[in-house]
1. If you take the square roots of the eigenvalues of the alpha-carbon gyration tensor of region 231-295 and sort them as a ≥ b ≥ c, do you get rounded (a/c under 1.5), prolate (a/b over b/c) or oblate?
2. With a sphere of radius 12 Å drawn around the Cβ of His184, what net charge do the other residues whose Cβ falls strictly inside it have (Lys, Arg +1; Asp, Glu -1)?
3. Send over a whole-number figure in Å² for the accessible area per residue of region 165-295, probe 1.4 Å.
4. Quick one: compute the contact order of the chain, relative version, from alpha carbon pairs under 8 angstrom and 6+ residues apart, as a percent.
5. So which GluC sites (Glu not before Pro) in region 244-295 are both in a DSSP loop and have at most 11 other Cβ atoms within 10 Å of their Cβ?
6. Please list 166-173, 58-65, 186-193 highest first by mean number of surrounding beta-carbon atoms within 10 Å per residue.
7. Dipole magnitude of region 23-70 about its Cα centre, charges +1 at Lys/Arg Cβ and -1 at Asp/Glu Cβ only, in debye to the nearest 20?
8. How far is helix 14-24 tilted off the main Cα axis of the chain, in degrees rounded to 10, range 0 to 90?
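The values are calculated or read from the model by the stated rules, or taken from the named source; none is laboratory data. Being a predicted model, the structure only gives us computed values, none of them experimental. A quick note on method: Cβ atoms are made from the backbone with ideal geometry, for glycine too, and the neighbour counts reach across all protein chains shown. With ligands, DNA and RNA removed, areas are computed over all heavy atoms of the protein, side chains included. Shrake-Rupley method; radii C 1.70, N 1.55, O 1.52, S 1.80 Å.
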Amino acid sequence: MKAAAFAYHRPRSVGDAVELLTEFGEDAKILAGGQSLTPMLAMRLTFFDNLIDISRLPELQGIERRENTVWIGAGTTHAAVGADRGLRADVPLLSRVTPLIGHFQIRNRGTLGGAVAHADPAGEYPTVALTLDAELEATSPTGSRRIPAAEFFTGLWETALEPDEVLSSVGFPVWGTRSGFAVHEFARRHGDFAIAGATVAVELDEDDTISRCAIGLMGLGSTPLRAYDAEQSVIGRRVSEVAADEVGKLAMTGLDAVPADLQGSVAYRIRVGAAMVARAFTDASTEANGETSHA
């Protein structure tokens with residue numbers, strides 16, 4: 001199939017883009033990398049009279065560390081994120097999920113902001129943003145505002161962005177030196193969306209006590225999720241005393257919107273999700289403790 005006819009706009013600035021959004025309202029859609037939107041348009045799963053292409057705006061590209069936060073322009077491609085050496089040191093989790101996103105052709109065109117704003121519950125970047133308590137900067141005709149990741153994802157492919165707002169950058173906190181990060185996901189084929197997956201970050205005190213833990217879940221609800229109860233259950237405990245399987249099982253409690261489809265039943269996804277959390281927690285804890293993971 002081919003997409004229905006639409007008007008194509010290439011603004012020269014973010015300001016121009018938000019003005020176009022204001023002008024066209026619900027008949028307009030932002031085109032960032034296009035790796036999710038274009039197939040949906042081609043299959044006529046969605047339709048917009050106006051597409052506003054922001055993929056080449058220089059002000060939306062780049063990676064910059066400001067004190068203890070790394071800010072990434074929304075137009076920065078997956079490939080650029082994965083290749084940045086500073087980011088590998090400052091936000092390892094973001095670098096580690098990047099190779100799991102689609103295939104290299106997709107990563108060459110897809111953008112971090114586009115992936116986050118698309119808000120796919122099985123998406124790696126949205127899950128990392130939620131896991132690390134990222135801040136999302138949105139620009140509108142009246143200025144800009146910052147939205148905590150915990151408030152950004154509101155439903156399936158839905159976010160807290162207003163109709164006249166453009167996601168302009170995302171800020172990821174830099175964790176402490178005794179921190180470990182890991183991602184595990186299960187998909188039928190490489191490049192497919194995960195049936196279930198987990199992103200985990202662990203930070204230790206000097207006595208190997210867990211002082212901070214974050215567990216993100218992908219593919220297990222209508223939005224990316226945080227396993228807050230599982231996180232709290234390990235804080236204050238020595239890492240050697242925590243059973244990873246226990247963490248995985250606890251992370252699955254209370255889930256009330258686990259999808260079921262041809263890829264797997266609810267029960268199957270929960271079993272896979274628990275295993276992914278356990279593996280990721282083990283690897284993150286091992287790294288935080290200064291050891292080498294063999295997983």
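1. Numbers: a/c = 3.61, a/b = 1.83, b/c = 1.98.
Oblate, since a/c reaches 1.5 and b/c is not below a/b.
2. Numbers: positive: Arg96, Arg279; negative: Glu124, Glu185, Asp283.
Taking every other residue near His184 into account, the sum is -1.
3. Working: 5790 Å² over 131 residues.
Accessible surface, normalised per residue, equals 44 Å².
4. Numbers: 682 pairs, mean separation 46.1, N = 295.
With pairs under 8 Å counted, the relative contact order is 16 percent.
5. Details: sites: Glu246, Glu287, Glu291; in loops: Glu291.
Hits after loop and neighbour filter: Glu291.
6. Numbers: 166-173: 23.5, 58-65: 16.1, 186-193: 13.2.
So the order, starting with the most tightly packed, is 166-173, 58-65, 186-193.
7. Values: 5 positive and 8 negative charges, 56 e Å.
Roughly 260 debye, rounded to the nearest 20.
8. Rounded to the nearest ten degrees, it is 70.
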